[in-house]
Amino acid sequence: MANEIWTIKRCLEWTKEYLAERGEEHPRLSAEWLLCAATGLARIDLYMRMDETLDAAQLETMHAAVVRRAKGEPLQYITGSTQFRMIDVACAPGVLIPRPETEMLVEEVLNYLDAEVLSPEAAARQRVELPWNDEVEQARKAEAALADERATAERRAANLTAADEAALGSDVLGSRAYAEELADREAEEAAAQAADAEAEEAAEPELDEYGIAIEGADHEASLTEDAAAPAPVEPRIARVLEVGCGTGCISLSLAWERRGHVTCTATDIEPRAIDLANKNRDALGLTSDEVAFSLTNLVSSIPREEWGTFDVLVSNPPYIPTDVMRSLPHEVKDFEPDLALEGGADGLDIFRRLLNAAPYMLRAGGLFACELYEGALDAAAELCRQAGLSDVRIVRDLTDRPRIVRAIVTEPKQRQ
């Protein structure tokens, strides 16, 4: 095999067939993921470079990856990363793999922050860099260049004689009449700019021989108006507390998508999770002031002076009921950590503890939001109502299953 020629196409087809024979549900997709990780190429590049030959190191990496996948190990652990909303997240054994449902949990938090905490400017979404953005940008530049050419031609047309126009015909860019109108418009704009410049000069304060402004009636009036104007309000910085951060994907997404307007404090009981979350934060260029990760049990490390100061308490806690754990798919049950999955008999063991902590951690009007097992949402919502929370809602996931409970703390508590 070492002396054989393995092109991307051949390796893709062989891997797909090999995984399909071993019960892989999506063998071609898995083969693409593994090849992308081994070669460093994007999926679209695989199909544009099908005839390229893999080198020895790439083949060795691919072979080891296929063996691991055939045993059922999750692709995210093999490739070492996954995409979550707008960011890439490193993944590693021992830490729960981010799911699409959790992306919706982030969306719920952002919707709340945009509506209740942040200014409209802060709520403006960052531009998502999609694959076709480069094409759109190139088209925009081409259009701008064409507009410049047309403008140049129109100006040249202003100097054409009637005889010239007759010789060139009706296809000339810009008739004499249009060129004259353009010249008039430019003259009007120049006059308006000159008037604005004059007005600015007139507004300049008169200076004495030492260059000190001489205060006059106009200057005093200006000072009075400035004094009467209200001082600008400092933009609000939202504070989010996340419990059970895993890879850090929730807090990192919140801080990344509302950078400069949201700070997060995130906790986890698993040292490997904290190490990985810090790695992901550093890769994004975020600071510990923007997202701080803490190794602790639930909220134990939160300083007393910070109680009651958070706008949001968000969590994707362990929520799989004990009986359901036995029926989980092989790649979840045998590879992902039980500590991040099992939630007790009804899946709500950790949720109850978080619900108890929420009124102490959140300010009045703060949001409590949790992702939970689909069969436990009604019970969770009722627990929220019994605890005195208001505006209790259940949010359904992308497959139309109940997935998130969210509620508002109306009466914060202070522990004696």
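Structural remarks
- Working note: Karplus 6.51/-1.76/1.60 with θ = phi - 60° gives the range 255-260 the couplings 5, 6, 7, 10, 4, x Hz, where Gly and Pro are set to x.
- Most tightly packed first, judged by the mean number of other beta-carbon atoms within 10 Å of their residues, the peptides 254-266, 7-19, 328-340 read 254-266, 7-19, 328-340.
- Links that overshoot a 29 Å alpha carbon limit, given the list Lys16/Lys279; Lys279/Lys413; Lys279/Lys333: Lys16/Lys279; Lys279/Lys413
- Once the mean of 1/r is taken over each pair of separate Cα atoms and inverted, the range 273-416 shows a Kirkwood hydrodynamic radius of 16.5 Å.
- Karplus-derived 3J(HN,Hα), 6.51/-1.76/1.60, for each residue of the range 369-379, Hz, glycine and proline x: 9, 9, 8, 9, 5, 4, x, 10, 5, 4, 5
- Residue-count net charge about Trp6 - beta-carbon cut-off 12 Å; Lys, Arg +1, Asp, Glu -1: -4
- Net charge of neighbours whose Cβ lies under 9 Å from the Cβ of Val312, counting Lys and Arg as +1 and Asp and Glu as -1: -1
- Phi to ³J(HN,Hα) by Karplus 6.51 cos²θ - 1.76 cosθ + 1.60 over the range 90-98, Hz, x for Gly, Pro: 6, 10, 7, x, x, 10, 4, 7, x
Where a number appears in this text, it was derived from the coordinates with a stated rule and is not lab data. Note that the structure is a prediction, hence the values are computed from the model and not measured. Note: ideal-geometry Cβ built from the backbone for every residue, glycine included; neighbour counts use all protein chains shown.
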